[in-house]
Every structure is written in C-alpha cells, then in structure tokens.
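The structure is given below, and queries will be raised subsequently.
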Amino acid sequence: MPANIVVGTQWGDEGKGKIIDILASRAQVVVRSQGGNNAGHTVVNNGETYKLHLVPSGILYPNTLCLIGAGVVLDPKDLIGELDGLQQRGISTKNLKIDPRAHIVMPWHIELDGLSESFRGNSDIGTTKRGIGPTYMDKYERCGIRMFDLVHPDILAEKIKSTGMLKNKIITAVYGGKPFDLDAVIKEYTAYGQRLSQHMDDVSVLTFEADKAGKTIMFEGAQATLLDIDFGTYPYVTSSHPLSAGVCVGTGVGPRMISNIIGVAKAYTTRVGKGPFPTELNDEIGDTIRNVGGEFGTTTGRPRRTGWFDAVIVRHSVRVNGLDALAINKLDTLAGIGTLKICVAYKKPDGSVIENFPAALEELAGCTPIYEEADGFNEDISKCDSFDKLPENCKKYIARLEKLCGCPVKMVGIGPDRSQILER
Ligand code: GDP
Ligand code: IMO
Ligand code: MG
C-alpha cells in the first residue's frame, strides 16, 4: 500500500511517463499492464531524455522493480533494442520482469497491421503499425504466442509452424504479400527468447507480494481513455483497455488493491492518428502550440494534431476511470497564445446541448464545441517553484479546468524535466 494508477485522459501523450517517473521516486514497483510499443513515454532528467516504449518508466531508479504484466503485447526485438539502449547509457535493466502470459508481437502481426491499413485506404485508422491490433486479435482468437512459449524453443517452433502457415496464407492469398520463411522466424525468435528468459516471472504474484509487504506500487497506463477499445472514439482507438479498470485484468490483481487513480491531461488537447477531434485547431494557433510544445509523436515522429482543452472528454475520463486527481501538463506551452478557449459542452445540429461524450461517432460528427474564454498569460512559468507563485491567470485557468472536469488538479507541469512539476 498504496497502489496508484496513472492513466491518460485524452488521446495519449499527456506526459504520463513524466508523471510516473516523478511518482516512482516514492515507489518500489512500476507496472505496465496493457498496450505495447505503440506507447512512447518520455522521461527527462537533468537534460537527459529517455524515450521508453515497453520498459516501465521507473527504470531510471536502480532499485525499482519494473514489471510488464499479462495484458501487454510485447515485441521482443524492440524490447531487446530498448534494453540495449538503456544499458549503453548506464541504466541497469536487471529489475525488469515480464509475465509469462504476455502475448508476443510476431513479424506477421506487424506486416498485417501495415497491409490492413493500406487496404483501408482513406478509411485507415492511422495506427502506429507496430502490430498491436493483430496481436490482440490473435490473443482473443486464442491462437497467440505468449512469453512462456517464447522461452521454450520446442513449444515456440511448434506454434510458429502452425500459426505461421495460416498467417502466410492470409498475407499471400488475401493481400498478395510475401510469405515469411518460418524456419528463419523460428531461429530469430528462439534467440530473442533465450535473451529474455532471465526476465520472465509471474507479475501477478510479484505485485500481490509487493503490496502485502507494504511497498508502494505505480501502475503506468499507456495510450489513453479516448483510445480505449470500448470507451474511446471507436473505431479510431487502440486494441486494449487503457482505462484504470484495465490495470487489474492486465496485471492480475484485484480492484481492492488500488488506492488512488490519477488522470494525466495536457493544458490543451492533442491527437496523433486519425479520428474525431472536436476542438482541433487547423490554424496558426494550432501550429504555434505544435511548434512550441514539440508536438511530434514519440513513437512514429508524426506531427500531432492540436486543439483547445476539451472538458467534455476529460469529464468522460473522470467518470470512466473513477479519477481521484488530475495532473495537468504543459501549461508552459500556452504562454503568449493570447486568450484561451475551453470547450465546456457540445451543441448538436438540432440546437440541443450535451455535456457527456457521445457513444458513437455518427452522433459526435454533427456536434460543435461550445467554448468559454479564459484570459491568457505571457510570463515564462517554466522556472516557477510553487503553484501559488504562478501568474493569476494561470491559477484561474487551472481552477476553471478543475471545476469543469469535476476533479481536483493536484499536479501542474511547467516543463519536460522531472523537476518541472508543481504539486498542490
Ligand atoms: P506520454 O506518452 O503520456 O508519456 O507522453 P509523451 O512522452 O509521448 O509526450 C509528452 C511530451 O511532452 C514529451 O516530450 C515530454 O517530455 C513533454 N512534457 C511532459 N510534461 C511537460 C510539461 O509540463 N511541459 C512541457 N513543455 N513539456 C512536457
Ligand atoms: P502513449 O502511451 C498517442 C494511437 C495511434 C492510432 C491508434 C491506434 O504514448 O500515450 P495502434 O498502433 O495502437 O493500433 O494505433 O492509437 N496511439 C497513440 N496515440 N499515444 C499513444 O501512446 C498511442 N498509442 C496508440 O496513433 O491513432
Ligand atoms: Mg507518448
């Protein structure tokens, strides 16, 4: 005790990695429970930047146990690259443990992600092409390959042969693509298994025991609420449950373990990939936010779409995650923008007003945001050392977001570094 969950409240990239890294200084265990290397979590410490995709954002602390739970989909090649990169920078990765139940992203998953996106043409989802959707499809189809299989060469070879044959058939017959040489895949993935076997351990048991021993646990959400397969902007979503509730099934712990749920938001909104974005700014202000905020994807480098803060979606996140607190990052990016707008509700084509995020895109499509204005600020706040010392307009803006979202703002980010956080 306590066990804290950190989740994204918008469309991802809210600065979850930074918040986890800060809170991990007071924790002994950090757990990833869903998603895969579609995530890109940035941690900045003393000017050193680390971009993490699969490795939990507690890895910079040498004694913190970093766990990858059963609900994660794991690309072993990418993970090994990430581990090598960290080790080259003097970061120990010996405390990383991976649950045997985690599903493995195989090369055909990545191939099929790309092929199905191309096949969709203009109706593509804009995925990260990391094979995430196809890996979760196989998990639920009950033909996936898991971490346990990866580290057992005989089982792995058998599964690669049977699954690979079917995948090759789909790739060639449906998409006209090139088949995989299954013997080469067996050789390559057996080597990955041998390298990663030292990291395999039961994450459900490790987490349960850490909790019983009174250790502090951080669950690190990847993606975000509006990318949730059920509660996001379906079908422009990812294939897992980034919600707080996803943590329990993705780790193998009961909901009673959880003591605190923190939602991370930006002081504005961004989205990478396709799909609806009611408060999107396709103008100079949007460009300024993108350039000043460095809004380019951590995983794919794509420019992020930018827009005003949308209290409708964050209210939705407060409800579906049961948030206890909000952390609002990147307030510093809004300096000098002029008058700020906040979306408080949506207006439907018939003139009626809705305050809750609609369930279907067709309903959302006709909606326009209803804005209220807030006075902006020009000061450089990046070196401010307490919330009370922020310019009055910053404090008013945060107080307004807090009121509109119905959740206390406990942390405010004023820069990318570990030190640039104001706690309340
Ligand atoms: P995540 O996926 O939620 O972990 O977020 P990303 O790392 O993909 O994107 C957040 C970006 O914003 C990263 O480049 C962070 O270094 C940066 N960042 C986080 N918090 C702040 C902040 O308060 N101010 C500024 N200027 N940058 C921040
Ligand atoms: P973090 O953890 C932002 C988006 C993709 C695409 C959709 C589906 O860094 O916040 P997928 O590859 O998951 O099938 O793509 O989801 N997406 C993210 N957007 N941040 C992320 O992670 C994302 N992970 C997936 O851009 O729109
Ligand atoms: Mg990210």
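The values are calculated or read from the model by the stated rules, or taken from the named source; none is laboratory data. The structure displayed is predicted, hence computed values, not measured ones. In this analysis, Cβ positions are derived from the backbone assuming ideal geometry, glycine residues included, and neighbour counts consider all displayed protein chains. Areas reflect the complete protein model, heavy atoms only, side chains present, ligands, DNA and RNA absent. Shrake-Rupley method; radii C 1.70, N 1.55, O 1.52, S 1.80 Å.
Among the residues of segment 126-183, how many are of a type in the set (A, V, I, L, M), under 28 Å from the mean Cα position of the chain (by Cα) and within 23 Å of Thr238 (Cα to Cα)?
So the count comes out to 4.
So that you can scan it fast, the table gives a plain yes or no per residue for (1) farther than 24 Å from Lys139 by Cβ; (2) assigned to a loop (DSSP other than H, G, I, E, B); (3) within 16 Å of ligand 3 (Cβ to nearest atom); (4) open to solvent by 20 Å² or more (accessible area, probe 1.4 Å):
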residue	(1), (2), (3), (4)
Ile229	no, yes, no, yes
Gly232	no, yes, yes, no
Ser240	no, yes, yes, no
Gly246	no, no, no, no
Val249	no, no, no, yes
Val264	yes, no, yes, no
Pro276	yes, yes, no, yes
Ile285	yes, no, no, yes
Arg290	yes, no, yes, yes
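Which of the numbered conditions does Arg146 fail, given that it passes all the others? Conditions: (1) in contact with a Lys or Arg (Cβ under 7 Å, 6 or more places away or on another chain); (2) open to solvent by less than 30 Å² (accessible area, probe 1.4 Å); (3) closer than 15 Å to Val105 by Cα.
All conditions are met except number (2).
Assess whether Arg101 counts as being closer than 21 Å to Ala157 by Cβ, among the basic types (Lys, Arg) and modelled with pLDDT of 95 or more. Full working, then the answer.
Values: closer than 21 Å to Ala157 by Cβ: yes; among the basic types (Lys, Arg): yes; modelled with pLDDT of 95 or more: yes.
Yes: the conditions hold for Arg101.
Give Gly275, Gly246 a once-over and let me know the one that is over 26 Å from Ile421 (Cβ atoms) and not hydrophobic (A, V, I, L, M, F, W, C). Give the derivation first.
Details: Gly246 fails: over 26 Å from Ile421 (Cβ atoms).
Testing whether each residue is over 26 Å from Ile421 (Cβ atoms) and not hydrophobic (A, V, I, L, M, F, W, C) leaves just Gly275.
Being within 30 Å of Asn95 (Cβ to Cβ) and of a type outside the set (A, V, I, L, M, F, W, C) is the requirement here; does Thr269 meet it? Working first, answer last.
Details: within 30 Å of Asn95 (Cβ to Cβ): no; of a type outside the set (A, V, I, L, M, F, W, C): yes.
It is false that Thr269 is within 30 Å of Asn95 (Cβ to Cβ) and of a type outside the set (A, V, I, L, M, F, W, C).
As an exercise: evaluate Gly12 against (1) open to solvent by 10 Å² or more (accessible area, probe 1.4 Å); (2) in contact (Cβ under 8 Å) with a residue 60 or more places away in the chain and give the number of the one condition it does not meet.
Of the numbered conditions (1) open to solvent by 10 Å² or more (accessible area, probe 1.4 Å); (2) in contact (Cβ under 8 Å) with a residue 60 or more places away in the chain, the odd one out for Gly12 is (1).
Given the criterion open to solvent by 70 Å² or more (accessible area, probe 1.4 Å), over 23 Å from Ser116 (Cα atoms), of a type outside the set (A, V, I, L, M, F, W, C) and assigned by TED's automatic domain parsing to the domain that holds Gly35, identify the matching residue among Lys212, Lys187. I'd like the intermediate steps shown before the answer.
On the way: Lys187 fails: assigned by TED's automatic domain parsing to the domain that holds Gly35.
Result of the check over Lys212, Lys187: Lys212.
In addition: From the set of residues in segment 128-151 that are assigned to a loop (DSSP other than H, G, I, E, B) and within 16 Å of ligand 1 (Cβ to nearest atom), which is farthest from Pro276 (Cα to Cα)?
Arg130
Working only within segment 341-361, note down all residues that are surrounded by 14 or more Cβ atoms within 10 Å (Cβ to Cβ) and within 20 Å of Tyr234 (Cβ to Cβ).
Correct list: Tyr346, Lys348, Ile354, Phe357, Pro358.
Here is a yes/no grid of residues against (1) open to solvent by 60 Å² or more (accessible area, probe 1.4 Å); (2) outside the structural domain of Val312 (by TED's automatic domain parsing); (3) in a helix (DSSP H, G or I); (4) within 22 Å of Asn260 (Cα to Cα):
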position	(1), (2), (3), (4)
Asn378	yes, no, no, no
Asp385	yes, no, no, no
Asp388	yes, no, yes, no
Lys396	yes, no, yes, no
Ala399	no, no, yes, yes
Lys403	yes, no, yes, yes
Cys407	no, no, no, yes
Lys410	yes, no, no, yes
Gly415	no, no, no, no
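Can you name every residue in segment 25-53 that is more than 11 Å from ligand 2 (Cβ to nearest atom) and either over 22 Å from Gly214 (Cβ atoms) or open to solvent by 30 Å² or more (accessible area, probe 1.4 Å) (or both)?
Applying the first criterion (more than 11 Å from ligand 2 (Cβ to nearest atom)) to segment 25-53 yields 25-31, 33, 43-50.
Correct list: Ser25, Arg26, Gln28, Val43, Val44, Asn45, Asn46, Gly47, Glu48, Thr49, Tyr50.
So which pairs qualify, if the first residue must be in segment 393-415 and farther than 17 Å from Ile19 by Cβ and in contact (Cβ under 8 Å) with a residue 24 or more places away in the chain, the second must be open to solvent by less than 10 Å² (accessible area, probe 1.4 Å) and assigned to a helix (DSSP H, G or I), the Cβ gap must be under 7 Å, and the two must be at least 6 apart or on different chains?
Note: pairs meeting the criteria are Cys394/Leu331; Leu404/Ala311.
Among residues belonging to segment 41-58 that are away from ligand 3 (no atom under 16 Å from the Cβ) and touching a helix residue (DSSP H, G or I) at 6+ places or on another chain (Cβ under 9 Å), point out the one that is farthest from Asn95 (Cα to Cα). Explain how you work it out, then say what you get.
Step one: filter segment 41-58 for residues away from ligand 3 (no atom under 16 Å from the Cβ), giving 45-48, 58.
In the following step, the residues that additionally are touching a helix residue (DSSP H, G or I) at 6+ places or on another chain (Cβ under 9 Å) were identified as 45, 58.
On the way: Asn45: 20, Gly58: 10 Å.
Of everything passing the filter in segment 41-58, Asn45 is farthest from Asn95 (Cα to Cα).
If you check Ile59, Ile68, Ile22, which single one turns out to be away from ligand 2 (no atom under 16 Å from the Cβ) and either more than 18 Å from Thr216 (Cβ to Cβ) or touching a residue at least 12 places away in the same chain (Cβ under 8 Å) (or both)?
Result: Ile22 is the single residue among Ile59, Ile68, Ile22 that is away from ligand 2 (no atom under 16 Å from the Cβ) and either more than 18 Å from Thr216 (Cβ to Cβ) or touching a residue at least 12 places away in the same chain (Cβ under 8 Å) (or both).
Sticking with this structure for a sec: Of all residues in segment 1-47, which are of a type in the set (D, E, K, R) and closer than 17 Å to Lys330 by Cα?
Result: Asp13, Glu14, Lys16, Lys18, Asp21.
Rundown of residues vs (1) open to solvent by 30 Å² or more (accessible area, probe 1.4 Å); (2) of a type outside the set (Val, Ile, Thr), yes/no style:
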site	(1), (2)
Phe296	yes, yes
Gly301	yes, yes
Ala311	no, yes
Arg319	yes, yes
Gly322	yes, yes
Ala325	no, yes
Asn329	no, yes
Thr339	yes, no
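Can I ask one more? Anything in segment 172-188 that is touching a helix residue (DSSP H, G or I) at 6+ places or on another chain (Cβ under 6 Å) and in a helix (DSSP H, G or I)? List them, or say none.
The answer is Leu182, Val185, Ile186.
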